[in-house]
1. Taking segment 49-64 only, how many residues are part of a helix (DSSP H, G or I), surrounded by 13 or more Cβ atoms within 10 Å (Cβ to Cβ) and under 16 Å from the mean Cα position of the chain (by Cα)?
2. Within segment 23-34, can you find the residues that are farther than 17 Å from Asn69 by Cα and either within 16 Å of the chain's Cα centre (by Cα) or part of a helix (DSSP H, G or I) (or both)?
3. Return the pairs, sorted by first residue and then second, in which the second residue is part of a loop (DSSP other than H, G, I, E, B) and surrounded by 10 or more Cβ atoms within 10 Å (Cβ to Cβ), the first residue lies in segment 80-103 and is at pLDDT 70 or above, the beta carbons are less than 6 Å apart, and the residues are 6+ apart or on different chains.
4. Name the residues in segment 47-64 that are small (Gly, Ala, Ser) and free of Cβ contacts under 8 Å to residues at least 12 places away in the same chain, would you?
Amino acid sequence: MPAQGFSAKAEKKGDAAAKHQQQRRDPYEVLGVPRNCKEQEIKSAYRRMALKYHPDKNQNDPVAADIFNEITYSYNILSDPDKRRHYDTSGFQFLVGRPLTLKAMNWSSTFQV
C-alpha cells in the first residue's frame, strides 16, 4: 500500500521514468561520432542516419521507428551547444524533470544540402 499522499500509479510512473533514463544510450554513440567532433559532423551523422531509419522509408517497422526516435533525441542534445555542454559535464542528469522537445529544432537548416 502506498504511503499517504502518494498513489501506486505515481510510483509506477516514477519507476518507469527512472528505468527509461537508465536505458538511454550515449548520444555520441548513437550518432557514431567522437566526443570532440564539430557541429557539422554531428549534423552529417544525423542526416545520414535519419534518412536511413526514417519512418516513411521503413513503414511498419517499429524497430526502425525506435532507432529514428533515439537518433532524433541524441541530435536534439548534441546540436544545441548548451544542452551538449550540460550533457558533457553531467550526463543525462541535467535532463531530469526537463522534457526534451523537438519544438526548438531548426529543421530547415538540418536538411539543407
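1. Pass one, segment 49-64, residues part of a helix (DSSP H, G or I): 49-53, 62-64.
When the remaining residues are screened for being surrounded by 13 or more Cβ atoms within 10 Å (Cβ to Cβ), the result is 49-50, 52-53, 64.
Remaining after also requiring under 16 Å from the mean Cα position of the chain (by Cα): 49-50, 53, 64.
Matching residues across segment 49-64 total 4.
2. Of segment 23-34, the ones farther than 17 Å from Asn69 by Cα are 33-34.
The answer is Val33, and nothing else.
3. Phe92/Arg24
4. Scanning segment 47-64 gives a single hit, Ala64.
The values are calculated or read from the model by the stated rules, or taken from the named source; none is laboratory data. All values reported here derive from a predicted model rather than from experimental measurement. Ideal geometry is used to build each Cβ from the backbone, glycine not excepted, and the neighbour counts take in all protein chains shown.
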